[in-house]
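First comes the structure, then the notes that go with it.
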Amino acid sequence: MNINVLMFSYYFHPQYSGAAKQAISLAKQLRSCGHHIEFVTVRWPGLDEQDWYEGFPVYRLEAGKGAKHRELKLWWNLLKFVYYRRKNFDILHSHGAYYVNSIVGPLSKLAGWKSIVKASLSENDIHGLKSSVSGWLHYGFLRMVDAYIAVSRDMEREFIQSKLALSKVYYMPNAVDTERFYPVSQEEKKRLRRHLGLPENKVVSLTVGVFDSRKNIGWLMQEWVRNKAFETGSVLLAIGPQSREDEGGTFLNSLKQLAGDNPEILYLKEHADDIELYFRAADFFILPSHSEGMPNVVLEAMASGIPCIATKVSGIQELIQDGKNGYTFSPGDSKTLGDAVQNTLNDKEGSMGYYARKTIEESFSISALAKQYEELYQRLTNI
């Protein structure tokens, strides 16, 4: 039987969001199985109230304009939307378990639907429960939710330690579309580099993410320059949008200046619709984040058959096996990062890239994840 799902994401295209990216990828797979998916999100300035994206209806609701309690207007508008559409859906699926997202619990009860919240960021989504008035409200709303999704074992432990019902906690790591992200031959890499304007005869390392303090890409770029590409002669290509915390773009402009001053070893690109081409063209991937859940970009890099060097935080530790499909290092540890870069380049046979792809195929494909969600939906709704 087909199931009707309303997915809620606080940020959604064209706003950058890793959680929304996962939601869209999952929705495509569920649609191919015959299920009906629609999206509801916040209406940001300049965006239409109703839209379509990747063939899915998207409804944008107004939130409050003030810095404090802007969620109250959003909740009111979401309540009206859910009541008006109460006969159209079976499940309200929130991509995020933050305070603002937890409202899906009571709203689903009112509509007669089932509800799911997915926590995506360790020590963030459900941080501070019961520590304040809003924390108690957050906890109370979450208790009304029918299923909690943890994308990493760390997040699974956080749900359990929060004294939420153990029977409602499900471990479902993020996944990747293995038909979009896949390895290519060295000849194809060279062709892609010509097409993308990248050097053909240099090692190309790639990093992708928002230029903010959590992703820490600015630190990586600065260390890359300070250590002269760790004496490898390789180029670091950094791709990502301006952070929402970087009002006026001061930080991004400083990174552009850094890249402009060091064109032999550092490139910066703000946006790439064809991001999969850059993963195929690269030799290895680096992610220096301070915190993560189960990062899309590491999954995408591994699916593309390139080794990953990433910080040993949360779900990354479930993906990378040191020396087999990549290396891990502690946030801010430039010495270990440099050693990892050198060791990765010593893998002349490309075995780490092979095992990176194999890891994804065995445990992190989006088709397998969609099957898990389909089974959970059916279990909750008895459809």
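Counting only residues 5 or more places away or on other chains, whose amide H sits under 5 Å from the amide H of Lys202 once H atoms are built in the peptide plane?
Excluding prolines and chain starts, which carry no amide H, there are no hits.
Using modelled backbone amide H atoms (1.01 Å from N, in-plane), which distant-in-sequence or interchain residues come within less than 5 Å of Val176's amide H?
Counting only residues 5 or more places away or on other chains, the set is Ser365, Ile366.
Return the distance in nm (one decimal) between the two label points of a simple spin-label model at Tyr182 and His271, each offset 7 Å from Cα along Cα→Cβ.
2.9 nm
Project the alpha carbons of region 174-280 onto their principal axes and report the range along each, largest first, in whole Å.
Principal extents (Cα only, largest first): 39, 34, 22 Å.
Viscosity 0.890 mPa s, temperature 25 °C: what is the translational diffusion coefficient of region 1-102 from Stokes-Einstein with a Kirkwood Rh over Cα pairs, rounded to a whole number of µm²/s? Could you put the intermediate results ahead of the total?
Working: Rh = 14.0 Å.
Using the Kirkwood radius from Cα pairs, D works out to 175 µm²/s.
For an R0 of 30 angstrom, estimate the FRET efficiency from the Cβ-Cβ distance between Asn382 and Tyr171 and round to the nearest 0.05.
Details: r = 23 Å, r/R0 = 0.75.
The calculated FRET efficiency here is 0.85.
Roughly how tilted is helix 18-32, in degrees to the nearest 10 and between 0 and 90, from the longest Cα axis of the chain?
Once rounded, one gets 70 degrees.
Take Val225 and Gln257, extend 7 Å from each Cα along the Cα→Cβ direction, and tell me the distance between the two endpoints in nm.
Roughly 0.9 nm, to one decimal.
Restricting things to alpha carbons, tell me how big region 186-363 is in terms of Rg and Dmax, in Å.
14.9, 45
With the cut-off at 24 Å, tell me which of the pairs Lys190/Lys312; Lys65/Lys114; Lys228/Lys335; Lys256/Lys312; Lys202/Lys358; Lys87/Lys130 have Cα atoms farther apart than that. Could you put the intermediate results ahead of the total?
Working: Lys190/Lys312 31 Å; Lys65/Lys114 30 Å; Lys228/Lys335 13 Å; Lys256/Lys312 28 Å; Lys202/Lys358 26 Å; Lys87/Lys130 34 Å.
Checking Cα-Cα distances, Lys190/Lys312; Lys65/Lys114; Lys256/Lys312; Lys202/Lys358; Lys87/Lys130 exceed 24 Å.
Cβ neighbours within 10 Å, averaged per peptide: list 206-215, 49-58 in order, most packed at the top. Spell out each step's value before the answer.
On the way: 206-215: 21.7, 49-58: 13.4.
Most protected by this proxy first, the peptides run 206-215, 49-58.
Using only Cα atoms, tell me the angle between helix 366-381 and the longest principal axis of the chain; keep it within 0 to 90° and round to the nearest 10.
Roughly 10 degrees between the two axes.
For helix 250-261, what angle does its Cα long axis make with the longest principal axis of the chain, in degrees from 0 to 90 and rounded to 10?
Result, in degrees: 20.
Take Lys348 and Glu54, extend 7 Å from each Cα along the Cα→Cβ direction, and tell me the distance between the two endpoints in nm.
4.2 nm
Would you calculate the convex hull of the Cα atoms in region 287-369 and tell me its volume per residue in Å³?
Details: hull volume 6.0 nm³, N = 83.
In region 287-369, the Cα convex hull volume per residue is 72 Å³.
Treating region 202-258 as a set of equal point scatterers at the Cα positions, no solvent, please give the Debye-formula log₁₀ I(q)/I(0) at q = 0.14, 0.15 Å⁻¹.
Here log10 of I(q) over I(0) equals -0.37, -0.42.
What whole-number value in cubic angstrom gives the convex hull volume per residue for the C-alpha atoms of the chain?
On the way: hull volume 53.5 nm³, N = 383.
Dividing the Cα hull volume of the chain by its residues yields 140 Å³.
Could you run the Karplus curve 6.51 cos²θ - 1.76 cosθ + 1.60 with θ = phi - 60° over region 39-55 and give me ³J(HN,Hα) per residue in whole Hz, x for Gly and Pro?
Taking θ as phi minus 60°, the curve returns 10, 10, 8, 7, 8, 8, x, x, 9, 6, 5, 10, 7, 10, 9, 6, x Hz for region 39-55.
Efficiency by 1/(1 + (r/R0)^6): what FRET value for Asp333 and Lys28, r their Cβ-Cβ distance, R0 = 41 Å, to the nearest 0.05? All intermediate terms of the calculation are to be shown ahead of the outcome.
On the way: r = 38 Å, r/R0 = 0.92.
Efficiency computed from Cβ-Cβ geometry: 0.65.
With both partners inside the chain, how many of the DSSP beta bridges are antiparallel, as a percent to the nearest 5?
Values: 4 of 50 bridges.
Taking every DSSP beta bridge with both residues in the chain, the antiparallel ones total about 10 percent.
Which far-off residues, 5 or more places away or on another chain, put their amide H under 5 Å from the one on Leu237, with H placed in the peptide plane?
Ser205, Leu206, Thr207, Tyr267
Applying 1/(1 + (r/R0)^6) with R0 = 35 Å to the Cβ-Cβ distance of Leu110 and Arg244, what FRET efficiency is obtained, to the nearest 0.05? Before the final figure, lay out each step's value.
Details: r = 31 Å, r/R0 = 0.90.
Calculated value: 0.65.
Helix-only estimate, please: 222 nm mean residue ellipticity of the chain, summing -39500 (n - 2.57) across DSSP H runs of length 4 or more and dividing by its residues, to the nearest 500.
Working: 14 runs with 150 residues, N = 383.
Helix contribution divided over all residues of the chain: -12000 deg cm²/dmol.
Readers should treat all values here as calculations from the given coordinates under stated rules, not as data from a laboratory. Remember, it's a predicted structure, so these values are computed and weren't measured experimentally. Glycine gets a Cβ as well: all are built from the backbone with ideal geometry, and neighbour counts include every protein chain shown.
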